[in-house]
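A short write-up of the structure that comes next.
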Amino acid sequence: MAPIKPSFVFLIIILLIAPALATKPHVINFRWRNLYPEGMAWDPSAQHFIVGSLSHRSIHSVSDAGVIETVISDPTLPENVTVLGLTVDSTKKRLLACLHSAPPLPPFNALVAYDLLTRQRLFLSLLPSDPDSNIASIGRGRDVANDVAVDFKGNAYVTNSVGNFIWKVNESGESSIFSRSPVFSRYASVMDQNEPFNDCGLNGIAYVSKGYLLVVQSNTGKMFKVDADDGTARVVLLNEDLVMPDGIAIRRDGVVLVVSTQKLWFLKSADSWAEGVVYDKTALDAEGSATSVVMGEEDRVYVLYGHVVEGIMGNGEGRERFEIVEVRSEKESGEEHVWVFVLVGLGLAYFLFWRFQMRQLVKNMDKKIN
């Protein structure tokens, strides 16, 4: 029997691992006319995504194959209410959603909670305006309940993107203004006053198990670290400002993902977010108007293309197709590929060493026999 050439073995190994290296990101297309989802969450128990809507009083699940179903349809909510930020409280088995009504409807901001199993409403908590501020005197628009995060005790934290403060809603649905730190108003907007959403301040929010929140501010590009006990806040020093950041999510390894309509940033910190570093960023499809980022199955990163700018502006005749797209860090993927080839090289070296030892063994046996 002819000996197997090492080069042939190496070629076989490369052919076996090449498909794994070339796997394309997961793209989920789903259809629902005029849905325009702004918020998205991942339900690990049901293994599906959950999205809201700018146009419907409903919340929907989306499977990894793009099958969409209505999870919550609540006709008792105010007519034409917008469902913005969403989060799944895995500890308490609840779904939390931010509700807001846009002009010309009467002002309305609330957090609603539903049981994930029975889908019954647990509470609807109206979110109060800041009694110490005069909206007319500071020239800002009305409050907007934008995004929500939840801690392990069932307390929810909701950003007010125009008022630039954070509400807190406890497990029973009792709401209060939690943090109106002066640091939230310390930095000037980097957006032109004529740009859409130039008044959008505090936006995406995430809870860190060490007892604090990370919040991004859209019109300044800043990130804040907020104590979850007393609401004190300070800016996180970054190596670059973020441009119109929107949603935020945290990976299990501590990496923070921040999404805008243009980019997805990958950030990490070595000092519990006194400082942070943007170590990679990926360009996104601007037309899709990405607004939300979540960690899906196996900690894979997904962004939502809800086309919300089109929905808000009323452009077009009503969109039907939307997307949830997996996004990867090119830098991390490159490092993974290097390690794969290193392991392949080690495996090949071991194989060659084994072949050499086997040949020596056969030679020695031949000598003894002869």
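The values are calculated or read from the model by the stated rules, or taken from the named source; none is laboratory data. The shown structure was predicted, so the numbers you read here are calculated from the model rather than taken from an experiment. Here the Cβ is made from the backbone with ideal geometry for all residues, glycine too, and neighbour counts use every protein chain on show. SASA here: full protein model, heavy atoms, side chains in, ligands and nucleic acids out. Shrake-Rupley method; radii C 1.70, N 1.55, O 1.52, S 1.80 Å.
For an R0 of 22 angstrom, estimate the FRET efficiency from the Cβ-Cβ distance between Phe197 and Ser129 and round to the nearest 0.05. Walk me through the numbers before you get to the answer.
Numbers: r = 20 Å, r/R0 = 0.92.
E between Phe197 and Ser129, to the nearest 0.05, is 0.60.
Evaluate the charge dipole of region 120-272 about its Cα centre and quote only its size in Debye, nearest 20, assuming +1 on the Cβ of each Lys and Arg and -1 on the Cβ of each Asp and Glu.
Working: 15 positive and 18 negative charges, 53 e Å.
Value, rounded to 20: 260 debye.
Among Lys263, Lys210, what's the order by accessible area (1.4 angstrom probe), most exposed first? Write down the numbers at each step before the final one.
On the way: Lys263 75, Lys210 150 Å².
Most to least solvent-accessible, the answer reads Lys210, Lys263.
Per the Kirkwood treatment, what hydrodynamic radius in Å, one decimal, follows for region 117-236 from the mean inverse distance over all distinct Cα pairs?
Details: mean 1/r = 0.0672 Å⁻¹.
Result for region 117-236, one decimal place: 14.9 Å.
Could you order Asp64, Asp271 by accessible surface area, starting with the largest, using a probe radius of 1.4 Å?
Numbers: Asp64 95, Asp271 70 Å².
Ranked list, largest accessible area first: Asp64, Asp271.
For Lys331, list the aspartates and glutamates whose Cα falls under 14 Å from its own Cα; do not include residues on the same chain fewer than 8 positions away.
Within reach: Asp280.
Largest first, what is the accessible-area ranking of Thr23, Thr82 with a 1.4 Å probe?
Values: Thr23 75, Thr82 15 Å².
Accessible-area ranking of Thr23, Thr82, largest first: Thr23, Thr82.
Around Ala156, with a cut-off of 12 angstrom between Cβ atoms, what is the net charge of the other residues, counting Lys and Arg +1 and Asp and Glu -1?
Values: positive: Lys92, Arg94, Lys153, Lys168; negative: Asp89, Asp147, Asp151, Glu171, Glu174.
It works out to a net charge of -1.
Using a 1.4 angstrom probe and counting only protein chains, how large is the accessible area of Phe224 in Å², to 10?
Here the residue's solvent-accessible area equals roughly 0 Å².
Out of the trypsin sites (Lys or Arg not before Pro) in region 223-261, which ones are loop residues according to DSSP with at most 13 other C-beta atoms within 10 Å?
Details: sites: Lys225, Arg234, Arg251, Arg252; in loops: Arg251, Arg252.
Qualifying residues, ordered by number: Arg252.
Please compare each pair in Lys24/Lys268; Lys92/Lys268; Lys153/Lys225; Lys24/Lys92; Lys92/Lys281 to a cut-off of 31 Å on the Cα-Cα distance and tell me which ones are over it. Before the final figure, lay out each step's value.
Details: Lys24/Lys268 25 Å; Lys92/Lys268 29 Å; Lys153/Lys225 19 Å; Lys24/Lys92 35 Å; Lys92/Lys281 34 Å.
In this structure, Lys24/Lys92; Lys92/Lys281 exceed 31 Å between Cα atoms.
With a cut-off of 19 Å, note down the residues of region 226-263 whose backbone N falls inside the zone around a label point 7 Å from the Cα of Val277 toward its beta carbon.
Of the residues in region 226-263, 236-242, 251-258 have backbone N under 19 Å from the label point off Val277.
So how exposed is Leu237, as accessible area in Å² (1.4 Å probe, rounded to 10)?
Result for Leu237: roughly 100 Å² accessible.
For region 226-315, run through the GluC sites (Glu not before Pro) and keep only the ones in DSSP coil with at most 14 other Cβ atoms within 10 Å of their Cβ. Working shown, then result.
Working: sites: Glu240, Glu275, Glu287, Glu297, Glu298, Glu310; in loops: Glu240.
Those satisfying the criteria are Glu240.
For a quick check of understanding: with a 1.4 angstrom probe and all protein chains in place, what accessible area in square angstrom does Ser58 have, to the nearest ten?
10 Å²
Kindly provide the pair-distance distribution of region 26-327 built from C-alpha pairs, with 10 Å bins from 0 and whole-percent values in order of increasing distance.
6, 31, 39, 21, 2, 0
Heavy-atom accessible area per residue, region 38-176, 1.4 Å probe: how many Å²?
Numbers: 5770 Å² over 139 residues.
Heavy-atom SASA per residue in region 38-176 reads 41 Å².
Spelling out what I want: for every residue of region 53-69, take phi, set θ = phi - 60°, compute 6.51 cos²θ - 1.76 cosθ + 1.60 (Karplus), and round to whole Hz; glycine and proline get x.
Couplings: 7, 7, 10, 10, 8, 8, 10, 10, 9, 10, 7, 5, 9, x, 7, 10, 9 Hz.
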